Amino acid sequence: MENKPLCLKNEIQDYAWGSYSFIQDLLGFEQTETPWAELWMGAHPKAPSRVRVNDEWQALDRLIEQSPEEILGPRTAKRFHNTLPYLFKVLSAEQPLSLQAHPNREQAKNGFDRENHEGLALRAPERNYKDDRHKPECICALTPFWAMEGFRPINEMVELLSIACPEALSDAIEFLKQNPNRNGFQRFFEALMTLPEQKTQQVIDETAANAITNQAQNDEFYWVKTLYELYPEDIGILSPILLNLVCLQPGEALFLNSGEMHAYLNGTGIEIMANSDNVLRGGLTSKHVDATELMRVLNFQPHSLDILVAQENQSCEKVYPTPAEEFSLSVIHIDDSCTHRADKILGPEILLCTSGSGEIYWNDAAGAVKINRGDSFLIPASVNSYRISGQAEIYKAAVGELVPA
């Protein structure tokens, strides 16, 4: 295998909630008739990137199988069993994604083993666990990006619920007032998710009517109304009231740990996650919802949002601080006054250019490769060092623990 930056050709996921223009424009295409929702960069077996090696395109997962230590480095290869531990994406949403949460390591292993023992096929629509790994993730806004993440402080919930659904949920709201803690909210939420069908529709209809009346007053009610128009029979329309609602500005990010209920509503961002496909849905979808299993994995502790801002790491590079072992996300800005230098590569990196252009030089090679807007490259661990010059913004995925502080 060549010890040089390797050009990537990546797979598109055309989910119905995606955009008709952003990823297309990034890659130099015209608008499409079908939405492009996600651009996947990595070695996930569902849609592995292809890599240009010796003038041939090869699937990255197969290439890693053939040369794990050259691509991953000895430490990453050993620690993550010869697999790339992260999946790097561009996510572009014109409509809301489903309400969901991800399991922790123990929950994922137990759930995967249990469903295997039950004989559920991996592609069965009612399957919750597609692998035995957890799925922490980070989303960084490229455009204004609307999202919901984690249960908001209870006093804020009570205030909003009292406007949205004062009659159909009067007893439940009073209970929450009297029990403003984690256990009280868990009982409230479990009761809400298991209401009889007729009562559920009463709550939905009253909430929607009051949201339409009050949508000009705050963003929560605007999003309740919007979700109601898409899912008029789904109790998940209350999620903007129960969850922290935020519009990330370009460059701001969120880290989502295991058990955090969340949904992305609108906008485009850079997303990085552990290389897992485990999702437990809570609503706002036509896909399988297992409310009982969701309750097992949810973190019911209300909290305020922690918005991440990139911090100086080294020359021309800022990193988003997260506790993830599998990944690290950073952004590189190069110009005439700043050339990015990576002097010691400990693990595999993926670079994505989102604007401008530059040249990547590596080791003692005489030449360079061009990186333009929309281009992505894998930097194998066998490339000991590299530098990038030019005028560009480049997002970088790396293995978490291996990135220098």
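Stretch Asn82-Tyr20 to full length: gain in nm at 0.36 nm per residue minus the Cα-Cα span?
That pair, Asn82 and Tyr20, stretches by 18.7 nm at full extension.
Cα centroids of region 77-116 and region 340-405: how far apart, whole angstrom?
26 Å
Would you compute, for the Cα atoms of region 300-405, the largest minus smallest coordinate along each principal axis and list the three values in descending order, in whole Å?
For region 300-405, the Cα extents along the three principal axes come out at 55, 27, 23 Å.
Kirkwood Rh over Cα pairs of region 35-102 into Stokes-Einstein at 20 °C, 1.002 mPa s: D in µm²/s?
Result for D is 156 µm²/s.
Could you give each residue of region 173-189 its phi-based ³J(HN,Hα) in whole Hz, using Karplus coefficients 6.51, -1.76, 1.60 with θ = phi - 60°, and x for Gly or Pro?
The phi angles translate into 5, 5, 4, 5, 4, 7, 10, x, 8, 4, 5, x, 5, 4, 5, 4, 5 Hz.
I want to verify a result. In a Gaussian network model of the chain, Cα cutoff 10 Å, which of these has the top mean-square fluctuation: Ala216, Ala47, Ala208?
Fluctuation is largest for Ala216.
Mind checking which lysines have their Cα closer than 27 Å to the Cα of Lys9? Skip sequence neighbours fewer than 8 apart in that chain.
Of all the lysines, those that pass the test against Lys9 - Cα under 27 Å, at least 8 places apart if same chain - are Lys46, Lys78, Lys89, Lys130, Lys135, Lys318, Lys344, Lys370, Lys396.
Taking the 0 to 90 degree range and rounding to the nearest ten, how far is the long axis of helix 105-117 tilted relative to the main principal axis of the chain, both from C-alpha atoms?
In the chain, helix 105-117 runs at an angle near 80 degrees to the longest axis.
Take the chain, drop everything but the C-alpha atoms, weight them equally and run the Debye formula without solvent; then report log10 I(q)/I(0) at 0.14 Å⁻¹ to two decimals.
-1.24
If packing is taken as the average count of other Cβ atoms within 10 Å, what order do 362-373, 106-117, 324-335 fall into, highest mean first?
Those peptides, ordered most packed to least, come out 324-335, 106-117, 362-373.
Starting with the highest mean, order 22-33, 273-284 by the number of other Cβ atoms within 10 Å, averaged over the residues of each peptide.
273-284, 22-33
Taking the Cα centroid of region 277-334 and of region 30-65, what is the distance between the two, rounded to the nearest whole Å?
With region 277-334 and region 30-65 each reduced to a Cα centre, they are spaced 23 Å.
Within a Cβ distance under 10 Å of Ala381, other residues only, what is the Lys/Arg minus Asp/Glu net charge?
In short, -2.
What lysines sit close enough to Lys199 to cross-link, taking a C-alpha to C-alpha distance under 29 Å and skipping anything fewer than 8 places away on the same chain?
Lys177, Lys225, Lys287
In debye, nearest 20, what is the charge dipole magnitude of the chain about its Cα centre with +1 on Lys and Arg Cβ and -1 on Asp and Glu Cβ, if you could check?
860 debye
Given only helices, namely DSSP H runs of n ≥ 4 each adding -39500 (n - 2.57), what is the per-residue ellipticity at 222 nm of the chain, to the nearest 500 deg cm²/dmol?
After summing the helix terms and dividing by the residues of the chain, the value is -7500 deg cm²/dmol.
Each value in this text was obtained by applying a stated rule to the coordinates, not by laboratory testing. Just so it is clear, the structure is predicted and the values come from calculations on it, not from any experiment. Note: ideal-geometry Cβ built from the backbone for every residue, glycine included; neighbour counts use all protein chains shown.
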